[in-house]
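**Student:** Sharing a structure with you now.
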Amino acid sequence: MLEVDNIQVCYGNIVALQDTSFRVDAGEIVTLIGANGAGKTTSLRSVSGLLPLSAGQIRFEGQRIDTMRPDDIVRLGIAHSPEGRRVFPGLTVAENLELGATPWRKRSDRIDADIERVYALFPRLKERRAQLAWSMSGGEQQMLAVGRALMGRPRLLLLDEPSLGLAPIIVEQLFEQIARINQLGVTILLVEQNAAMALSVATRGYLLENGRIVLQDHTAAMRDHPRVREAYLGA
Ligand SMILES: Nc1ncnc2c1ncn2[C@@H]1O[C@H](COP(=O)(O)OP(=O)(O)OP(=O)(O)O)[C@@H](O)[C@H]1O
Ligand SMILES: [Mg+2]
């Protein structure tokens, strides 16, 4: 479904990704794990068309997308829930979700049904639909960020560190919903520093270090790998 081939991404003269390749097949949850600054966010922003490549290619369902504009990439069915949630603080939960419905759709075009689908996944959002986003807890804001991304009816969902700053119990609940979203037919590329959680929910994983993929495998094998255990699972 998604093929990232030998991409290089630079910020000025800093090389953030070098010869980076990974793929996501339809139906999978694939995770990119790695420490601060490894290049995880850069990878997702490249897929979304927010950063230019200096080498390599990205294809979605066989079509090159690395030369396309971000809004055209959204239209193809790729949604991005960014690092740090980025919900609109002064808008309500319901308004945030409405804004997630892709711009070319008319307001009446089943947006209400899509909002109800998000509420079914995250009942807490329904209870708080009239609450302003800034006043929500970190976990609730993360639910909102994921819900807003789902409003574009994506086939591929990019999630950047959904666990960031959340208590372990909340992270577990959120990851149950991420698995559920996948079961409902959405393919997921999940970026995480929380390697234990990410490797528990994903089918395959890639380890990024200093802008390079240094390891890739099924998640069961990654969990047993000495490098992953020592540096990322605290074993
Ligand atoms: N806008 C920018 N300008 C310059 N350098 C940047 C910029 N954004 C990221 N970088 C650099 O690119 C590298 C990769 O950053 P990136 O944000 O992709 O890492 P990350 O794996 O998402 O880290 P974290 O876990 O902290 O979110 C880092 O060295 C970072 O300093
Ligand atoms: Mg990041």
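The values are calculated or read from the model by the stated rules, or taken from the named source; none is laboratory data. Keep in mind that what you see is a predicted model, and the values were worked out from it rather than measured. Because the Cβ atoms are built from the backbone with ideal geometry, glycine has one as well, and the counts that use them run over all protein chains shown. These area figures cover heavy atoms from the full protein model, side chains too; ligands, DNA and RNA do not enter into them. Shrake-Rupley method; radii C 1.70, N 1.55, O 1.52, S 1.80 Å.
**Student:** Assuming R0 = 45 Å, can you tell me the calculated FRET efficiency for the pair ASP217 and ARG129, based on Cβ-Cβ distance, to the nearest 0.05?
**Tutor:** My answer for the efficiency is 0.60.
**Student:** While we're looking at this one, here's another question. Solvent-accessible area per residue for region 2-232 at a 1.4 Å probe radius, Å²? Spell out each step's value before the answer.
**Tutor:** Numbers: 10740 Å² over 231 residues.
On a per-residue basis, region 2-232 sits at 47 Å².
**Student:** If R0 is 25 Å, what FRET efficiency do you get for THR203 and THR92 from their C-beta distance, rounded to 0.05? Kindly include the intermediate steps, with their values, before the conclusion.
**Tutor:** On the way: r = 36 Å, r/R0 = 1.44.
About 0.10, to the nearest 0.05.
**Student:** Count the DSSP beta bridges whose two residues both fall in the chain, then state the antiparallel fraction as a percent rounded to the nearest 5.
**Tutor:** The antiparallel proportion sits near 55 percent.
**Student:** Another question about this same structure. Assign unit charges at the C-beta atoms only (+1 for Lys and Arg, -1 for Asp and Glu), then state the dipole size of region 2-232 relative to its Cα centre in Debye, rounded to the nearest 20.
**Tutor:** Working: 27 positive and 27 negative charges, 97 e Å.
That gives region 2-232 a dipole magnitude of about 460 debye.
**Student:** What do you get for chymotrypsin sites (Phe, Trp or Tyr not before Pro) in region 103-179 restricted to DSSP loop and a cutoff of at most 14 other Cβ within 10 Å of the site's Cβ?
**Tutor:** On the way: sites: TRP104, TYR119, TRP134, PHE175; in loops: TRP104.
For chymotrypsin sites (Phe, Trp or Tyr not before Pro) across region 103-179 that sit outside H, G, I, E and B with at most 14 neighbouring Cβ atoms in 10 Å, the list reads TRP104.
**Student:** When the Karplus curve 6.51 cos²θ - 1.76 cosθ + 1.60 is applied with θ = phi - 60°, which whole-Hz ³J(HN,Hα) does each residue of region 55-69 get, with x for Gly and Pro?
**Tutor:** Once θ is set to phi - 60°, the couplings for region 55-69 become 7, x, 9, 10, 10, 10, 6, x, 9, 5, 10, 6, 9, 8, 7 Hz.
**Student:** Which whole number in µm²/s is D for the chain by Stokes-Einstein, with the Kirkwood Rh taken over Cα pairs at 10 °C and 1.306 mPa s? Working shown, then result.
**Tutor:** On the way: Rh = 18.0 Å.
Value of D from the Cα-based Kirkwood radius: 88 µm²/s.
**Student:** Based on C-alpha coordinates, I'd like the Rg and Dmax of region 143-235, in Å.
**Tutor:** 13.6, 40
**Student:** Moving on. Subtracting the Cα-Cα distance from 0.36 nm times the residue separation, let me have the gained length for ALA55 to ASP224 in nm, one decimal.
**Tutor:** Taking ALA55 through ASP224 to full extension adds about 57.5 nm, to one decimal.
**Student:** Return the whole-Å distance between the Cα centroid of region 28-84 and the Cα centroid of region 125-167.
**Tutor:** What the calculation gives is 19 Å, centre to centre.
**Student:** Oh, and also: If r is the Cβ-Cβ distance from ALA179 to VAL15 and R0 is 41 Å, what FRET efficiency results, to the nearest 0.05?
**Tutor:** Computed FRET efficiency for ALA179 and VAL15 comes out at 0.75.
**Student:** Roughly how compact is region 1-103, stated as its Cα Rg over 2.2 N^0.38 Å to two decimals?
**Tutor:** 1.15
**Student:** Given a 1.4 Å probe and every protein chain left where it sits, what share in percent of the accessible area of the chain is carbon and sulfur?
**Tutor:** 50 percent
**Student:** Relative contact order of the chain, please, whole-number percent, based on alpha carbon pairs below 8 angstrom and at least 6 residues apart.
**Tutor:** 28 percent
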